[in-house]
Amino acid sequence: MNPSVGVHGIPEFDDSDYAMWSELLERRTGITVPRERKSFLQTKIWSRMSELGLSQFSDYWDLVTRQGIDSRLEWTQLVDRLTVHETSFFRHKPSFDLVRETLNSTFAQAPDILHYRMWSVSCATGEEAWSLAMLADHCAAAYPHKKLYYGVIGTDVSRPAIALAQQGIYDARHMESVPAAMSHYLQPAGKGLVSVSDVLRKRAAFGYFNLLDLEAAAKVRYDLIYCHNVLIYFSRETRLKILDNLVRYLKKDGILILGPTDISAWQHPCMERLPARRTLSYQLKNDV
Ligand SMILES: C[S@@+](CC[C@H](N)C(=O)[O-])C[C@H]1O[C@@H](n2cnc3c(N)ncnc32)[C@H](O)[C@@H]1O
């Protein structure tokens, strides 16, 4: 690596540096950083190095690639810098309308007892997972005589983002996108903040998960998998692999909802595209 200092006092980050760092990021997280975004990669790595008092990219490289817990922890800090956590409650209305319709018809047809599992696969700071929990609780309230055990799992590759998701405390301004009928699930917590209600906390759990690790056997299967605005960061080949793997995590008749522009022309022999308008959604018709 080139130790000479470039503009703004940031060490030179040449093409071989870009190649090494972008390859490491893609190998470990699937995220691709196109060459045009080389300066983004350089600036983000540099900002973290500055906090640690490191002045050479090679020293930081050694830190994040060596064996040991400190190296693994540092890597998660860097991943947090390099990932985009933009999200909001009920972010894509047509997709959440589909979730609502699905929950309403499932709960209506359910026997006296039903277990319903949802997975928000890259939930960032949690708003998406909490929105699923709000909808499920809201729809379940129409069937007080039934035992409807629904749960939401929210996962992400960014540990700091997951910690915030778990906390469930947000700026009150984020409530703007929450439908009025569900605003009671976010309660005032002082200082312009709101906190997710206890009712929802019993229904949601959060954890670290890297989508590249989907190859493992699916121990749990979900009724609904919500995967929005993450595939766009991966190559097409990686997207296809992830989608094929996600299918294995669905129960029969389970639903997979992607962001409308997350992938084009995807087909799977066991999945049927749903006609819901302005969504990219599929249902598992034949068990895998
Ligand atoms: C733009 S946010 C999307 C948040 C939410 N799904 C939404 O649509 O509002 C993308 C998220 O994908 C996560 N991500 C990136 N690579 C990942 C990977 N390999 N495994 C799991 N999550 C990943 C990022 O950490 C980030 O929180």
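Given the structure, is H228 open to solvent by less than 50 Å² (accessible area, probe 1.4 Å) and within 16 Å of the ligand (Cβ to nearest atom)? Answer is yes for this residue.
Residue check: is D62 modelled with pLDDT of 95 or more, surrounded by fewer than 19 Cβ atoms within 10 Å (Cβ to Cβ), over 30 Å from K147 (Cα atoms) and more than 16 Å from the ligand (Cβ to nearest atom)? For D62, the condition - modelled with pLDDT of 95 or more, surrounded by fewer than 19 Cβ atoms within 10 Å (Cβ to Cβ), over 30 Å from K147 (Cα atoms) and more than 16 Å from the ligand (Cβ to nearest atom) - is met.
What's the total number of residues in segment 217-249 that are more than 19 Å from T32 (Cα to Cα), touching an Asp or Glu at 6+ places or on another chain (Cβ under 9 Å), outside any strand (DSSP E or B) and charged (D, E, K, R)? Residues meeting the conditions: 0. When segment 262-285 is filtered for residues that are in a loop (DSSP other than H, G, I, E, B) and in contact (Cβ under 8 Å) with a residue 24 or more places away in the chain, the ones remaining, listed by number, are D262, I263, W266, H268, L274, A276, R277, R278, T279, K285.
Counting just the residues of segment 131-147 that are away from the ligand (no atom under 16 Å from the Cβ) and within 25 Å of the chain's Cα centre (by Cα), which one comes out surrounded by the most Cβ atoms within 10 Å (Cβ to Cβ)? Once the filter is applied, the top-ranked residue is A136.
Identification of strands (runs of 3 or more DSSP E) wholly contained in segment 121-216 with 2 or more residues that are in contact with a Phe, Trp or Tyr (Cβ under 7 Å, 6 or more places away or on another chain) yields 147-156, 193-196. Within the option set S95, S88, being within 16 Å of the ligand (Cβ to nearest atom), in a loop (DSSP other than H, G, I, E, B) and closer than 30 Å to R173 by Cα holds for one residue only, S88.
The values are calculated or read from the model by the stated rules, or taken from the named source; none is laboratory data. In this text the structure is predicted, and so the values were computed from the model without any measurement. Using ideal geometry, Cβ is built from the backbone for each residue, glycine included, and neighbour counts are taken over all protein chains shown. SASA here: full protein model, heavy atoms, side chains in, ligands and nucleic acids out. Shrake-Rupley method; radii C 1.70, N 1.55, O 1.52, S 1.80 Å.
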